[in-house]
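Novice: Just dropping this structure here.
The values are calculated or read from the model by the stated rules, or taken from the named source; none is laboratory data. Remember, predicted model here, so these are calculated numbers, not experimental data. A quick note on method: Cβ atoms are made from the backbone with ideal geometry, for glycine too, and the neighbour counts reach across all protein chains shown. The area values use the complete protein model at the heavy-atom level, side chains included, leaving out ligands, DNA and RNA. Shrake-Rupley method; radii C 1.70, N 1.55, O 1.52, S 1.80 Å.
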Amino acid sequence: MRSHFPRWFAAAVLVAGVMYVNDVRTVREAVAQEKPKFTAEQVAFFEKDVLPVLKQHCFKCHGDEPKIKGGLNLTNRQAILDGGDTGPAVKLDKPAESLFLRAIHYKEDEHRMPPKSKLPEKELAILDKWVKDGLPVSADRIGEAVKVVPKGGVVTEEAKKYWAYQPVKQSPVPTVKEQGWVKTPVDGFILAKLEAKNLKPVKAADKVALARRAYYDLIGLPPTPEELDAFVSDNNPNAWEKLIDRLLASPHYGEKWGRHWLDVVRYGETNGYERDGPKPFAWRYRDYVIQSFNSDKPYTQFVKEQLAGDEMPGHNPDAIVATGYYRLGIWDDEPADREQALFDGYDDLVSTTAQGFLGMTPNCARCHDHKVDPIPQTDYYKFVAFFRDIRPYSDNRDVRSASNMSDISPPDQRVKYEADLRKRDARIAEIRKAMTAIEDEIIKTLPAEDQRASEGNDRPAVISKKVVPALKGKPKDEYTELRKERAELERKPTPPGQQLALSVNNCDPRPPATHLLIRGIPSAKGKEVQAGFPAVLGLPDPKIPAAKPGAKSSGRRTVLADWIASKDNPFTARVFVNRVWQYHFGRGIVPTTNDFGKLGEQPTHPELLDWLAADFMAGDWKLKRLHKLIMMSNVYQLSAQADAENLKVDPSNALLWRFNMRRLTGEEVRDSILSVSGSLNLKQFGPSTYPKIPKEVLAGQSVPGQGWPTSPPEEANRRSVYAHVKRALRVPILVGFDQPDPDSSCPVRYVTTVPTQSLGLLNGEFANEQAVAFAKRLQKESPDLAVQITRAIRLTTGRVPLAEEVKKDVAFVAAIKEKHKLDDFAALTQFALLCLNANEFVYLD
């Protein structure tokens with residue numbers, strides 16, 4: 001196994017390279033063209049009157065300097081006609097409409113040149129005449145006419161032909177030579193590619209390897225020896241199908257596949273940054289995802305609930321919880337620039353939604369047109385417009401005013417405590433009024449300067465520094481009692497029966513206008529942009545009526561959700577079935593699962609991808625049906641063994657002539673250790689747990705242990721999907737085995753092999769504690785060492801060890817017992833630890 005650079009590094013290098021190529025204009029091809037001719041009088045006018053104005057006012061930013069602002073070079077005629085980031089600077093056929101003239105006359109709000117002050121009228125007249133005369137210049141300033149090769153950001157007819165923008169079309173299953181090998185349509189597509197390269201699939205995996213593959217793929221847990229024996233001894237032709245059905249029906253299926261989705265949506269339960277404060281009730285979203293997968297909810301419903309659940313009619317707690325999707329990202333509670341932070345928040349929503357649901361990267365067009373794909377900057381802000389009714393995240397937990405908290409209690413339960421809440425609010429209002437009256441009496445005695453300050457935002461400071469110290473006698477006693485009572489009322493816990501959820505709430509039904517931001521800068525507003533779909537698809541932008549009186553949101557996100565969940569959308573089904581394929585085979589048909597554009601990789605089996613997408617939609621967008629279709633194929637059941645001849649032709653196994661061996665994920669490693677040791681608590685749902693973290697790791701926090709109240713052992717030993725996801729402090733064994741950074745969408749977990757993984761499993765506190773529990777389990781099940789060793793190997797690898805292997809292991813335990821003066825239990829514990837460190841334990845096949 002080889003290590004990888006972080007995924008963002010590779011992407012950044014690639015994008016930087018593409019941007020450099022475009023910026024230095026190496027993509028241009030010079031073409032011959034007759035140069036314009038000007039009279040001697042025109043040239044003299046340019047040199048005597050025009051050039052001095054340009055040199056004095058323009059060339060500093062738009063001259064021959066290495067860095068030219070806005071991409072606009074005014075030093076030669078052709079460069080002016082080519083223009084910069086905003087297009088041609090001069091229109092020869094309509095000179096009055098030229099951006100250059102509009103900018104110098106201050107008729108363009110976002111382009112006023114020079115920016116500091118307008119040119120004198122005399123100089124404006126010179127430049128007006130120059131443009132209207134056709135930009136006459138001296139011979140050395142004509143420049144070369146160039147033909148620009150179409151690049152990203154430009155929607156052309158050619159760009160629209162790219163495969164990912166075409167409707168999903170189900171091709172017929174290919175006819176192959178070895179037709180008897182084809183169990184499902186999946187096999188037909190795979191085998192056709194193999195036969196074209198004269199490759200042959202390897203033999204099928206043995207039943208033990210196949211069962212372990214299925215258990216980990218579908219529920220993320222190891223099979224017990226008894227479960228393996230039952231499958232291996234079942235000679236019924238339907239045994240494999242029955243195993244798949246049983247695992248798909250397991251309540252633990254959603255825990256495994258829900259974790260995949262949490263990677264995609266950057267699931268975190270804290271805000272990040274210095275304080276890394278908690279996101280209250282974020283765990284409800286995690287539980288919603290698990291339950292959605294367990295119930296085989298149609299993917300279209302899953303999409304709509306997350307994007308617009310709050311806009312669905314009726315009492316629908318699941319749909320409200322689903323909108324917690326919008327609140328999972330990082331949040332800066334004290335930004336230096338609040339408007340910049342606001343648009344950074346929108347960028348998080350655009351990036352996660354477009355990449356996660358559509359496999360598109362419009363986030364690359366925040367500051368300029370996309371450098372590779374046909375995504376103009378306008379498209380990015382069309383996306384932003386869909387989300388403008390979502391108010392920013394905040395720490396406010398009062399559901400009546402909070403933007404990110406909702407009450408999902410049943411209506412009949414809500415009635416019981418809302419009356420009490422109204423009484424509490426009324427009493428708090430009375431207290432505030434009484435306190436204000438006492439404060440005002442003291443303020444009247446203060447200097448005029450303090451009285452004026454108390455009328456504005458500085459009132460709290462005046463109260464604490466001037467009013468409270470001045471209180472005496474009875475007023476002081478009354479004020480103290482009132483403040484104490486108010487604090488107690490405000491600190492009262494959630495009423496019994498009230499259920500709160502992280503969500504979107506109190507949205508803006510009439511959101512502010514969305515503008516294209518020049519270079520992505522919030523203060524540099526360009527033209528207004530309406531919510532709409534990618535221009536490359538050629539769809540008309542939706543007509544979204546204004547919200548009706550009393551509406552709680554703008555309705556825009558329902559329009560977006562309906563479009564994404566439509567069978568006519570060319571991305572949605574393709575992107576999702578590609579993810580499913582990746583999680584089964586280790587690599588997607590499109591390996592870059594978040595990017596179906598030209599910066600991503602091309603599909604290895606495009607016809608298969610479309611066939612699966614069409615079949616998925618025809619099957620009511622049900623995932624469990626798709627799992628079974630894939631797993632019943634011969635391709636899925638192949639061995640992971642290599643073949644020398646095949647390796648010469650297809651060393652990366654892109655054509656799937658064998659199954660890809662895989663290492664367990666961080667969650668699977670931890671859960672498997674807990675499972676074989678007998679410590680795993682399979683309790684489901686509810687608030688997150690806080691597994692024990694070594695004090696050496698906690699010491700890395702600014703306040704060691706803050707935000708991590710360690711759970712009791714039994715609660716801490718629940719499945720890893722229920723472990724609290726704190727951005728600044730994560731469970732070491734999960735991070736060590738490549739659990740992704742939750743700050744952004746993770747399309748694929750890159751597998752690393754580094755020394756700290758072995759060191760952690762061998763010397764780590766968790767592994768050693770569980771080795772003790774494992775040894776206790778082995779001793780409890782049998783007093784015989786040979787039986788204990790056999791059982792340990794079966795629990796950790798699934799296979800039945802040979803008698804000679806058991807004999808050697810018995811001798812090994814005896815040897816370390818004697819050498820290190822260990823008792824029976826201590827020696828068995830060391831053997832248990834060895835089993836947890838075996839490659840056979842952490843790798844499948």
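Novice: Among [x] 17; [y] 33; [z] 36, which one is percent of Cα pairs over 51 Å apart computed from these coordinates?
Specialist: Correct label is [y].
Novice: Ok, one more. Could you tell me the center-to-center distance, by alpha carbons, between the range 202-223 and the range 447-514 in angstrom?
Specialist: Taking the Cα centre of each part, the range 202-223 and the range 447-514 sit 60 Å apart.
Novice: At 7 Å along Cα-to-Cβ for each site, give me the label-to-label distance between A838 and E418 in nm.
Specialist: The modelled label-to-label distance comes out at 6.1 nm.
Novice: Now a separate question. Given Cα pairs under 8 Å that are at least 6 residues apart, what percent is the relative contact order of the chain?
Specialist: Details: 1217 pairs, mean separation 140.7, N = 845.
Relative CO of the chain lands at 17 percent.
Novice: Still on this structure, please answer the following. Students often forget the sequence filter, so: which lysines lie under 28 Å Cα-Cα from K807 once same-chain residues fewer than 8 apart are removed?
Specialist: Output for K807: K207, K776, K780, K817, K819, K821.
Novice: Let me ask something else about it. Given a Förster distance of 60 Å, report the FRET efficiency between K107 and I463 from their Cβ-Cβ distance, rounded to the nearest 0.05. Spell out each step's value before the answer.
Specialist: Numbers: r = 51 Å, r/R0 = 0.85.
After rounding to 0.05, the efficiency reads 0.75.
Novice: Okay, moving on. Full-extension gain between S758 and K55, please, as 0.36 nm times their residue separation minus the C-alpha to C-alpha distance.
Specialist: On the way: separation 703, 0.36 × 703 = 253.08 nm, distance 6.55 nm.
Stretched out fully, the S758 to K55 stretch lengthens by 246.5 nm.
Novice: If you roll a 1.4 Å probe over the chain with all protein chains in place, what percent of the accessible area is carbon or sulfur?
Specialist: Values: 22290 of 40840 Å².
Whole-percent figure for carbon plus sulfur exposure: 55.
Novice: Follow-up. N316 label point, 7 Å along Cα→Cβ, cut-off 18 Å on backbone N: hits in the range 493-507?
Specialist: Within reach of a label on N316: 501-507.
Novice: Hey, how many Å between the Cα centroid of the range 562-604 and the Cα centroid of the range 744-807?
Specialist: Going from one Cα centre to the other spans 36 Å.
Novice: Measure nothing fancy, just the Cα-based angle from helix 377-386's long axis to the longest principal axis of the chain, in degrees from 0 to 90, nearest 10.
Specialist: That works out to roughly 70 degrees.
Novice: What do you get for the angle between helix 207-218 and the principal long axis of the chain? Use alpha-carbon atoms, 0 to 90 degrees, nearest ten.
Specialist: Roughly 40 degrees, rounded to the nearest 10.
Novice: Mind giving me the FRET efficiency for K94 and K552? R0 is 51 Å, r the Cβ-Cβ distance, nearest 0.05 is fine.
Specialist: About 0.60, to the nearest 0.05.
Novice: Mind pulling the angle between the C-alpha long axis of helix 338-353 and the longest principal axis of the chain? Nearest 10 degrees, somewhere in 0 to 90.
Specialist: Here the helix axis deviates by roughly 50 degrees.
Novice: I've got another one for you. Points 7 angstrom from Cα along the Cβ direction at A513 and T224: gap in nanometres?
Specialist: 6.8 nm
Novice: Before I look further, what does the chain give for accessible area per residue, probe 1.4 Å, in whole square angstrom?
Specialist: Details: 40840 Å² over 845 residues.
About 48 Å² of surface per residue is accessible.
Novice: Under the 0.36 nm per residue contour assumption, what length would be gained going from the current alpha-carbon distance of K183 and E41 to full extension? If you can, show how the numbers build up before the last one.
Specialist: Details: separation 142, 0.36 × 142 = 51.12 nm, distance 8.31 nm.
Extending this stretch completely gives an extra 42.8 nm.
Novice: Still on this structure, please answer the following. For the range 765-844, state the average projected area of the convex hull of the C-alpha atoms over all orientations, rounded to one decimal in nm².
Specialist: Values: hull surface 20.7 nm².
Computed as one quarter of the Cα hull surface, the answer is 5.2 nm².
Novice: D85 versus I438, label points 7 Å from Cα toward the beta carbon: distance in nm?
Specialist: 5.7 nm
Novice: Another one. Pull up the cross-link candidates among the lysines for K116, meaning alpha carbon to alpha carbon under 29 Å and not fewer than 8 places away within one chain.
Specialist: K48, K55, K60, K67, K69, K91, K94, K107, K129, K132, K525, K527
Novice: Further question: If I take R0 = 51 Å and measure r between the Cβ atoms of R246 and A470 in this structure, what FRET efficiency does the formula 1/(1 + (r/R0)^6) give, to the nearest 0.05? Write out the running numbers ahead of the final one.
Specialist: Values: r = 75 Å, r/R0 = 1.47.
So, using R0 = 51 Å, E works out to roughly 0.10.
Novice: Place +1 on the Cβ of every Lys and Arg and -1 on the Cβ of every Asp and Glu in the chain, take the dipole about the Cα centre, and give the residue among Q340, A775, P651 whose Cα lies farthest towards its positive end.
Specialist: Q340
Novice: Work out, step by step, the length gained on full extension between D234 and S401: first 0.36 nm times the residue separation, then minus their alpha carbon distance; give nm to one decimal. Write out the running numbers ahead of the final one.
Specialist: On the way: separation 167, 0.36 × 167 = 60.12 nm, distance 5.99 nm.
Answer, rounded to one decimal: 54.1 nm.
Novice: Could you work out the relative contact order of the range 543-694, using alpha carbon pairs under 8 angstrom and six or more residues apart, expressed as a whole percent? Present the calculation step by step, with values, prior to reporting the outcome.
Specialist: Details: 96 pairs, mean separation 20.2, N = 152.
So the answer I get is 13 percent.
Novice: At a Cα cut-off below 19 Å, give the aspartates and glutamates reachable from K118, other chains included and same-chain residues fewer than 8 away excluded.
Specialist: The reachable aspartates and glutamates, counting only those whose Cα sits under 19 Å from K118, are D49, E97, E108, D109, E110, D128.
Novice: Something else now. Be a star and scan the range 768-790 for residues whose amide nitrogen sits under 16 Å from the point 7 Å along the Cα-to-Cβ vector of D823.
Specialist: So the set is 772-773, 775-777, 779-780.
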